[in-house]
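Engineer: This is the structure, below, for whatever I ask next.
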Amino acid sequence: MAAAAAAAPESWQAAGPRKRRSAARRPRRRQAAPRYPEAEFEADSGVVLRRISDAEKDLLISDFWSSALETINKCLTKHLEQLKAPVGTLSDTFGNLHLDSSSDESDVAPDSIPGGTLGTGTCLWKCVCYGIGNFATCIIARNQLTFLLLLLEKCQIPRSHCWVYDPLFSQLEIDVLNTLGVTVLSENEEGKRSIRGEATIFYMLHCGTALYNNLLWSNWSVDALSKMVILGNSFKGLEERLLARILQKNYPYIAKILKGLEELEFPQTSQYMDMFNDTSIHWFPVQKLEQLSTDTWEFREEPDYQDCEDLEIIRNKTEDPSATD
């Protein structure tokens, strides 16, 4: 178990840098976290919650936050139009909150995040988060979690409608997530989650390529994909840095969907380079999906990755006892 835990961080990162990007924009390995002094120990839940609160305050006043919201807004506006949501719904949703920490902190419990309580607005999406990492000991993972919590608030998604999973979570981190009000999954789904007809945002920063491939396979239809948004590793980046034959052989669903999606790159700022490099938000326009060939949709074989080297996900040992990665 200890050996697996030590090797696991490698399993959730992206495969490598884009060809046309500088080394500074490569997906960061989680092993880099110990250079931060606070990564030397796992604190109690109260300390972790306060760190998340501090991270929120820093993120809210950053240029990155406002720029990232603009990028997300562009994508989700188009997605809502596709879902035939009421006109103005998204602008109303995003307009309900200000880009600052102006809440009265005297009324906030010590172990809660300022602004964390949601109103009773319309819930347009559900949210699933995979691979956030050990946020109790890693500042990169903690900033990614903080961004997720603020995104839920901005989109008026109740935290109970956000499902979170990482096989590396410690019991402390599970307890903190329960305190924060998100739903912690108890089983490793390997990304194979069907949205079951419900509009869903998947938050999957620096996850292994197989995880995205599994997610696409689980929702391989025009109807399902058109209801999905994926915030994670750039699919264009995957296409650039993987040989075409490797992409088509090992990750066929990613290879097939490249002409059926639109993506917007996240802004890059020095302060949050480690946390959000190589990140894009993706959605799947119906018009593009319907232009794909019939053969594209008839191919529905479940991925098995038997001949795939350097598989970057942690397999579900319960379902696959023979898995050795």
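The numbers here are math on the coordinates, done by the rules we state, and not lab data. Being a predicted model, the structure only gives us computed values, none of them experimental. Virtual Cβ from ideal backbone geometry, glycine too; neighbours counted across all protein chains shown.
Engineer: Given H placed 1.01 Å from N in the peptide plane, which residues other than close sequence neighbours of Ile132 have an amide H under 5 Å from its amide H?
Structural biologist: Tyr165
Engineer: Hey, any idea what the orientation-averaged projected area of the convex hull of region 214-325's Cα atoms comes to, in nm²?
Structural biologist: On the way: hull surface 33.7 nm².
For region 214-325, the mean projected area of the Cα convex hull comes to 8.4 nm².
Engineer: Under 26 Å between alpha carbons, and skipping anything fewer than 8 positions from Lys249 in its own chain: which lysines qualify?
Structural biologist: Excluding near neighbours in sequence, the set is Lys19, Lys192, Lys236, Lys259, Lys288, Lys317.
Engineer: Cβ neighbours within 10 Å, averaged per peptide: list 264-272, 300-308 in order, most packed at the top. Spell out each step's value before the answer.
Structural biologist: On the way: 264-272: 15.9, 300-308: 11.0.
With the highest mean Cβ count within 10 Å placed first, the list reads 264-272, 300-308.
Engineer: Give, rounded to the nearest 20 debye, the magnitude of the charge dipole that region 197-297 has about its Cα centre when Lys and Arg contribute +1 at Cβ and Asp and Glu contribute -1 at Cβ. Before the final figure, lay out the partial values.
Structural biologist: Details: 8 positive and 11 negative charges, 62 e Å.
Using Cβ point charges on Lys, Arg, Asp and Glu, region 197-297 gives about 300 debye.
Engineer: Using alpha-carbon pairs under 8 Å, 6+ residues apart, how would you state the relative contact order of region 143-225 in percent? Each step should come with its number before you reach the end.
Structural biologist: On the way: 58 pairs, mean separation 21.3, N = 83.
Relative contact order of region 143-225: 26 percent.
Engineer: I've got another one for you. Name the residue from Phe276, Ile257, Leu242 whose Cα lies farthest towards the positive end of the charge dipole of region 231-325, charges +1 on Cβ of Lys and Arg and -1 on Cβ of Asp and Glu.
Structural biologist: Ile257
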